[in-house]
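Each remark here refers to the structure printed beneath this line.
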Amino acid sequence: MLSILFLDASSSYLRLGSASTTRSFNSLFRCIRDEGYLLKIPSTAEGLENFPTPRSWTWIALDLKEGFNSLEDICGLVGEEVGRKFDAFLKLNVDIEDLIREPKVFHRLSFDAKYVVPIMLANWISQHQKSMGKAFPLIDEMTNEKHEFLVMTCVSMKKRDLVAFLKELFTYKPMYRDILSEIALEVRNEISPH
């Protein structure tokens, strides 16, 4: 029920925006939900700072529709911590669908945007299990730049999605099994006593 409230309000906003805005906002919503930011009650009852609730996210969607997108507006609805993260995401203007269609664009993204892409891609793959292969050229580009991006994509997935993803990825290019195995061995060697 909580998700439906936000999605209903945001979908009315999104119908008025571009298809790119719709996809970005929906990716962000999945990240918000997966990170526990849909409802984040403060640890102490003291203080009067706002915190994210389904109602505050609905208000953000409606405010964005009307053009109210300043950091002050956002933080006033969902609090400072979550508001700043949300604002940063909006400013990155990354469209995962565009990147999947044109993977080489990944190399032109800003430093911050490159570190958001693996999380967005993990969410996209989870939502597109039957067509996840479309994302593999993007994974190639990301991994060619830094293996870290592949690792970030993997750790951003739920276990059931990760297993299906890795099976497909290893079939696509067996070298990915070697890359991830090598990283796992390096980490094990670093944390294991000699």
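Whether any residue in the range 112-121 is in contact with an Asp or Glu (Cβ under 8 Å, 6 or more places away or on another chain) and among the basic types (Lys, Arg) is what I want to check. Break it down into steps so the answer makes sense when it comes.
Step one: of the range 112-121, the residues in contact with an Asp or Glu (Cβ under 8 Å, 6 or more places away or on another chain) are 114.
Checking the rest, the ones that are also among the basic types (Lys, Arg) come to 114.
Looking through the range 112-121, at least one residue is in contact with an Asp or Glu (Cβ under 8 Å, 6 or more places away or on another chain) and among the basic types (Lys, Arg).
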- Query: So which residues in the range 47-102 are of a type outside the set (A, V, I, L, M) and touching a residue at least 60 places away in the same chain (Cβ under 8 Å)?
  - Reply: 89, 93, 95, 97, 98
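For (1) of a type outside the set (Gly, Ala, Ser); (2) more than 15 Å from the chain's Cα centre (by Cα); (3) over 20 Å from residue 187 (Cβ atoms); (4) modelled with pLDDT of 95 or more, each residue gets a yes or a no:
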| residue | (1), (2), (3), (4) |
| --- | --- |
| 110 | no, yes, yes, no |
| 115 | yes, no, no, no |
| 127 | yes, no, yes, no |
| 156 | no, no, no, no |
- Confirm whether residue 32 is within 30 Å of residue 134 (Cβ to Cβ) and at pLDDT 80 or above. no
- Considering only the range 35-59, state which residues are at pLDDT 75 or above, of a type outside the set (Val, Ile, Thr) and surrounded by 15 or more Cβ atoms within 10 Å (Cβ to Cβ). 50, 51, 52, 54, 56, 57, 59
- Task: Identify all residues within the range 76-106 that are over 18 Å from the mean Cα position of the chain (by Cα) and over 27 Å from residue 55 (Cβ atoms); write none if there are none.
- Result: 102, 104
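The values are calculated or read from the model by the stated rules, or taken from the named source; none is laboratory data. On a predicted model such as this, the values are computed, not experimentally measured, just so you know. Cβ sites come from the backbone with ideal geometry, for glycine too, and all protein chains shown count toward neighbours.
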